[in-house]
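Okay, so here's the structure we're looking at.
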Amino acid sequence: MGFKRLEADDFVVSAQAQTATCWSNNVPALTTFFTQSSQTNGSSGTYYTTVFNNSGDDAAAPAVAQFEVAYGNETGGGALAYNETANPGVSPTSTIYGQYRTLVLEDENAGFVFGGVSGSSIYVLSIERAAYKQALFPGSLNLILSGSVGSGNSIVLTDNSQMVTVPDYYGTTRAYQIISGSDGVAWNSAGGGNGYTTSNGSYGLFLPDIGTILLNGDALDLNDVQGINLGTVQTSNTEGENNEKIYQAISGSGVLSPSFGLNSEETITSDFVFVRARNSEFNYSTNPSYISGSTGEVAYNYFINNPQTYMTTVGLYNDENDLLAVAKLSKPLNKDFTKEALIRVKLDF
């Protein structure tokens, strides 16, 4: 074993962005969607619905949660109030709305604005934390929503990250408008060429840094080529089952087959350490077999004039001589006075 102090120019830091699908089994887009009755009928089902990638009937392919859907309303419409007499208008939907208003807008008195138009009705698609890693990848959203059976309407939604130079910001959170027409069909010009609806602004907000998609309920309720006639219930103290409506719009089969494509992104930071073994260094071994145990002399005369070692491991130590990291070579590296070695050690965080 030999020691050598590393210099400042032996260290290099590199950062690389990596993208991948958000969904289990690396599928590029979800095309099948399932819920579990135990969750939807339980206490949590009042607030949100968890969507899985399969039914879980096959033990070899267990159901994995992919995202949650929820409905929020500023005035508490679309759900039964906790206590209509004592606190009218306070319900699970007002709780959901307040939660995301605080999270996104960071102001409990503000309201959501979609492409310049205020909206009090939101559908929330919250991607599983492990699925989106560091953030959602702008430009990767490709969501097909289908209207009720017989309506004949379907829309394709994406974000406008390819159309703007700088995103909107809510605090430190990036936000892109959700627009229609990602596959180039006629809806692309429905809102004057920007993918918005004519009367209700954009279709929502794409929030990559918190893994959240907010859909504009008023835009989805439109009963024309711009909407899907979703039928959002906004009446106070009325159970509207709005979570089920947006789930059916995502998983249903309208004009276009159901599909939800979305990618994640993360920045991988790597520290590169360059370990240099010059020709005069690391040519002698400290292995006990290298010398004679009785005399302390080199065991083989050949190594006196032509010493050789085989490098197999690089250990990185701090100034207190604590071993911090170990790098193994793929095969032993022969070293003598006629050879120099440069070993690059990569540390990922």
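Here, each number is a calculation from the coordinates, and none is a lab measurement. This structure is a prediction, so every number in the text was calculated from the model and none was measured. Quick reminder, even Gly has a Cβ in these numbers, built from the backbone with ideal geometry, and neighbours come from all protein chains shown.
For the chain, modelled as a GNM with alpha-carbon contacts under 10 angstrom, which of G78, G231, G116 fluctuates the most?
G116
Once amide H atoms are placed 1.01 Å from N in the peptide plane, what residues at a sequence separation of 5 or more from D168, or on another chain, have their amide H within under 5 Å of its amide H?
A175
What ranking do K328, K339 get, fewest neighbouring Cβ atoms within 10 angstrom at the top?
Exposure proxy ranking, most exposed first: K328, K339.
So, counting K/R as plus one and D/E as minus one, what does the shell of residues with Cβ under 12 Å around G2 add up to?
Numbers: positive: K4, R5, R278, K335; negative: E281.
Here the charged neighbours net out to +3.
Can you list the lysines whose alpha carbon sits under 18 Å from that of K335, skipping same-chain ones fewer than 8 residues off?
Candidates past the 8-residue exclusion: K4.
Order these by the 10 Å Cβ neighbour count, fewest first: K4, K335. Mind dumping the intermediate values first?
On the way: K4 12, K335 21.
Going from sparsest to densest Cβ surroundings: K4, K335.
Report the Stokes-Einstein translational diffusion coefficient (µm² s⁻¹, integer) for the chain, Rh taken as the Kirkwood radius over Cα pairs, at 4 °C with viscosity 1.567 mPa s. Don't skip to the answer; put the middle values down first.
Details: Rh = 24.3 Å.
The calculation lands on 53 µm²/s.
Assigning unit charges at the beta carbon (Lys, Arg +1; Asp, Glu -1) and nothing else, what dipole magnitude in debye, to the nearest 20, does the chain show about its Cα centre? If you can, show how the numbers build up before the last one.
Numbers: 15 positive and 33 negative charges, 237 e Å.
Magnitude of the dipole: close to 1140 debye.
Determine the distance separating the Cα centre of the range 1-42 from the Cα centre of the range 119-179; give it in Å without decimals.
21
In Å and from the alpha-carbon atoms only, list the Rg and Dmax of the range 309-349.
Cα radius of gyration and Dmax of the range 309-349 are 12.1, 36 Å respectively.
Can you give me the long-range amide H partners of T21? Hydrogens built in the peptide plane at 1.01 Å from N, cutoff under 5 Å, separation of 5 or more residues or another chain.
Amide H neighbours of T21: S264.
Output ³J(HN,Hα) for the range 258-273: one whole-Hz value per residue in order, computed from phi by the Karplus curve 6.51 cos²θ - 1.76 cosθ + 1.60 with θ = phi - 60°, and x for Gly and Pro.
x, 6, 9, x, 6, 10, 9, 9, 8, 9, 9, 9, 10, 9, 9, 10
Taking neighbour Cβ counts within 10 Å as the exposure measure, how do F52, F274 sort from fewest upward?
On the way: F52 20, F274 14.
Arranged by neighbour count, lowest to highest, F52, F274 become F274, F52.
From the Cα gyration tensor of the range 1-82, with a ≥ b ≥ c the square roots of its eigenvalues, which class applies: rounded if a/c is under 1.5, or else prolate if a/b is larger than b/c, or else oblate? Each step should come with its number before you reach the end.
Working: a/c = 3.33, a/b = 2.12, b/c = 1.57.
It is prolate, given that a/c is not under 1.5 and a/b is the larger ratio.
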